[in-house]
Amino acid sequence: MRLTAKSVALIPAIATVAAAAIGATLITTPVANAATTLAAAAQQSGRYFGTAVAAYKLNDSTYTGILNREFDMVTAENEMKMDALEPNQNQFSYGTADRIVNLALNQGKRVRGHALAWHMQQPGWMQNMGGTQLRNAMLNHITQVATYYRGKIYAWDVVNEAFADGSSGGRRDSNLQRTGDDWIEAAFRAARAADPTAKLCYNDYNTDDWSHAKTQGVYRMVQDFKSRGVPIDCVGFQSHFNSQSPVPGNYQTTLQNFANLGVDVQITELDIEGSGSTQAQNYSRVTQACLAVARCTGITVWGIRDTDSWRASGTPLLFDGNGNKKQAYNSTLDALNAGGTTDPTTSTTTTTTTTTTTTTSNNPGNGACTATVSLNQWNEGFVATIRVTAGSSGLNGWRVTTTLSNATVTGSWNADRSGNSGSVNWTNVSYNGNVPAGGWTEFGFQGSGNGSGLNPTCSAR
């Protein structure tokens with residue numbers, strides 16, 4: 001997202017539910033001993049609650065007071081985009097971005113990096129490039145920036161807004177797209193090589209409705225990437241809503257179907273225009289949808305106070321211009337405190353029928369590494385995501401063994417494997433073998449049958 005008007009980008013979605021009518025009963029009842037801040041309430045379910053931050057507002061005591069108190073994830077609004085970080089080719093300017101990153105890290109908050117490659121907000125020198133020259137410049141920018149911030153970024157929006165609006169479901173025509181259809185894949189591989197531990201996300205807007213061609217186009221890309229081992233860990237949903245583009249009735253379905261591919265889903269730029277109880281109900285609805293999807297790892301609102309928003313006239317945020325909590329704040333906090341309640345009005349049309357998520361871990365006892373598996377199981381099959389965590393000495397390579405007693409591997413990513421059933425061995429690929437002490441990397445696979453009882457064991461190579 002950019003601070004300039006995005007009216008062209010926000011083409012009204014085909015709405016299935018009117019904004020004034022949805023979720024009239026979705027405001028949750030506060031629970032006893034509830035958390036009193038958004039971050040603390042989200043942390044109860046292992047999630048985060050973040051906000052976008054502008055460096056020039058950090059001298060505003062009301063602004064920073066709310067930031068420090070309420071949020072545990074930070075995204076720079078514009079300071080980490082291409083034009084800000086590389087104003088002249090191969091001359092990088094990190095000072096303003098560092099101000100945001102260091103503030104966050106010094107307070108124990110995490111940082112989402114936004115964004116490494118985008119057709120907008122490119123520096124002038126890059127806008128005049130094309131072909132191989134532009135491709136190389138993009139890859140160099142990704143490598144330099146991700147390397148500079150290595151170890152400081154929770155997740156990168158590696159590629160931002162690369163798909164077109166409308167009925168085609170295809171890629172947006174841009175100077176980056178014209179370098180070749182594999183440019184997104186190349187961007188993700190470069191980001192993984194530069195920072196093996198950051199989560200790598202694709203981020204876009206107007207992808208909230210499962211029935212939209214744009215949503216399906218992004219879904220097919222992620223599905224393809226996972227099947228071929230392209231390193232993608234998460235998908236970001238900007239979720240900019242208003243009366244012309246309301247929260248769709250199948251919003252939770254969209255999040256779940258992407259999660260079923262074996263990626264995390266994150267709500268990355270949430271704002272909902274409106275006021276009063278209707279706005280509060282919509283915020284509650286979105287929050288509950290995230291809580292109902294095990295791999296929805298967190299929510300970021302795009303700004304703190306209404307007056308800080310790029311859509312300030314629509315009063316779309318959780319605090320008013322004076323920094324007071326709005327009804328939408330209270331409904332969001334209540335929903336977070338209530339935990340993962342499934343939204344009863346959300347469509348459940350999906351390719352799966354029953355989904356359960358379990359997490360198990362194994363400690364080999366030698367301090368080299370541990371393996372933890374998150375399993376998303378449905379009637380026909382499953383997706384398993386395995387996290388390899390290094391011990392006190394770090395890893396230069398790793399091997400994980402899993403047991404598939406009643407299942408067969410049908411596809412995998414971020415690891416090489418030996419075998420498809422029974423005892424299956426997994427080893428690191430070139431970009432994720434080096435794991436620093438206490439750090440982690442993830443690989444995953446999809447299978448048919450029952451994925452329970454994987455019992456992963458981990459050892460150093």
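The values are calculated or read from the model by the stated rules, or taken from the named source; none is laboratory data. Please read all numbers here as calculations on a predicted model, not as lab measurements. Every residue, glycine as well, gets a Cβ built from its backbone with ideal geometry; the counts of neighbours run over all protein chains shown. Heavy atoms of the whole protein, side chains included, go into the accessibility calculation; ligands, DNA and RNA do not. Shrake-Rupley method; radii C 1.70, N 1.55, O 1.52, S 1.80 Å.
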Q: Take Gly438 and decide whether it is over 27 Å from Glu185 (Cβ atoms), within 26 Å of the chain's Cα centre (by Cα) and either crowded, with 23+ Cβ neighbours inside 10 Å or outside the structural domain of Ala194 (by the TED database) (or both).
A: yes
Q) Looking at Ala84, Ala97, which is the one that is open to solvent by less than 30 Å² (accessible area, probe 1.4 Å) and part of a helix (DSSP H, G or I)? A) Ala97
**Q.** Residues located in the range 256-286, provided they are part of a loop (DSSP other than H, G, I, E, B) and of a type in the set (Gly, Ala, Ser)
**A.** Gly262, Gly274, Ser275
Q.
Considering only the range 221-237, I want to know if a residue exists there that is among the charged types (D, E, K, R) and either part of a loop (DSSP other than H, G, I, E, B) or without any contact (Cβ under 8 Å) to a residue 60 or more places away in the chain (or both).
A. yes
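Is at least one residue of the range 53-66 of a type outside the set (Lys, Arg), out of contact with any Ser or Thr (no Cβ under 9 Å at 6 or more places or on another chain), surrounded by fewer than 16 Cβ atoms within 10 Å (Cβ to Cβ) and in a loop (DSSP other than H, G, I, E, B)? Don't jump to the end; show me each part of the working.
Of all residues in the range 53-66, those of a type outside the set (Lys, Arg) come to 53-56, 58-66.
Going one step further and asking which of them are out of contact with any Ser or Thr (no Cβ under 9 Å at 6 or more places or on another chain), we end up with 54, 59-65.
Now drop any that are not surrounded by fewer than 16 Cβ atoms within 10 Å (Cβ to Cβ), which leaves 59, 61-62, 64-65.
Filter again for in a loop (DSSP other than H, G, I, E, B), leaving 59.
Within the range 53-66, one or more residues are of a type outside the set (Lys, Arg), out of contact with any Ser or Thr (no Cβ under 9 Å at 6 or more places or on another chain), surrounded by fewer than 16 Cβ atoms within 10 Å (Cβ to Cβ) and in a loop (DSSP other than H, G, I, E, B).
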(Q) Going by what's in this entry, would Tyr251 be described as surrounded by 24 or more Cβ atoms within 10 Å (Cβ to Cβ) and under 11 Å from the mean Cα position of the chain (by Cα)? (A) no
Q) Which residues, taken from the range 149-203, are charged (D, E, K, R) and in contact with a Gly (Cβ under 7 Å, 6 or more places away or on another chain)? A) Asp157, Arg178
Q | Tally of residues being surrounded by 15 or more Cβ atoms within 10 Å (Cβ to Cβ) and within 15 Å of Glu442 (Cβ to Cβ) across the range 415-428 | A | 5
(Q) Exactly one of these conditions fails for Ser245: (1) surrounded by fewer than 24 Cβ atoms within 10 Å (Cβ to Cβ); (2) touching a strand residue (DSSP E or B) at 6+ places or on another chain (Cβ under 7 Å); (3) not charged (D, E, K, R). Give me its number. (A) (2)
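Does Val263 meet the test of being touching a Leu at 6+ places or on another chain (Cβ under 7 Å), crowded, with 21+ Cβ neighbours inside 10 Å and not hydroxyl-bearing (Ser, Thr, Tyr)? Break it down stepwise before answering.
Working: touching a Leu at 6+ places or on another chain (Cβ under 7 Å): no; crowded, with 21+ Cβ neighbours inside 10 Å: yes; not hydroxyl-bearing (Ser, Thr, Tyr): yes.
Criteria not met by Val263.
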Q | Selection count, the range 201-232, where residues are touching a strand residue (DSSP E or B) at 6+ places or on another chain (Cβ under 7 Å) and under 17 Å from Ser412 (Cα atoms) | A | 6
(Q) Which residue is nearest to Phe188 (Cα to Cα), if the candidates are limited to the range 108-147 and must be free of Cβ contacts under 8 Å to residues at least 60 places away in the same chain, under 21 Å from the mean Cα position of the chain (by Cα) and open to solvent by 30 Å² or more (accessible area, probe 1.4 Å)? (A) Thr143
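Table: residues versus (1) charged (D, E, K, R); (2) modelled with pLDDT under 90; (3) in a strand (DSSP E or B).
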| position | (1), (2), (3) |
| --- | --- |
| Pro364 | no, yes, no |
| Ala371 | no, no, yes |
| Asn379 | no, yes, no |
| Phe382 | no, yes, yes |
| Trp426 | no, no, yes |
| Tyr431 | no, yes, no |
| Ala437 | no, yes, no |
| Glu442 | yes, yes, yes |
| Phe445 | no, yes, yes |
Q. Which ones in the range 180-211 are open to solvent by less than 30 Å² (accessible area, probe 1.4 Å), out of contact with any His (no Cβ under 8 Å at 6 or more places or on another chain) and farther than 19 Å from Asp264 by Cβ?
A. Gly180, Trp183, Ala186, Ala190, Ala194, Asp209
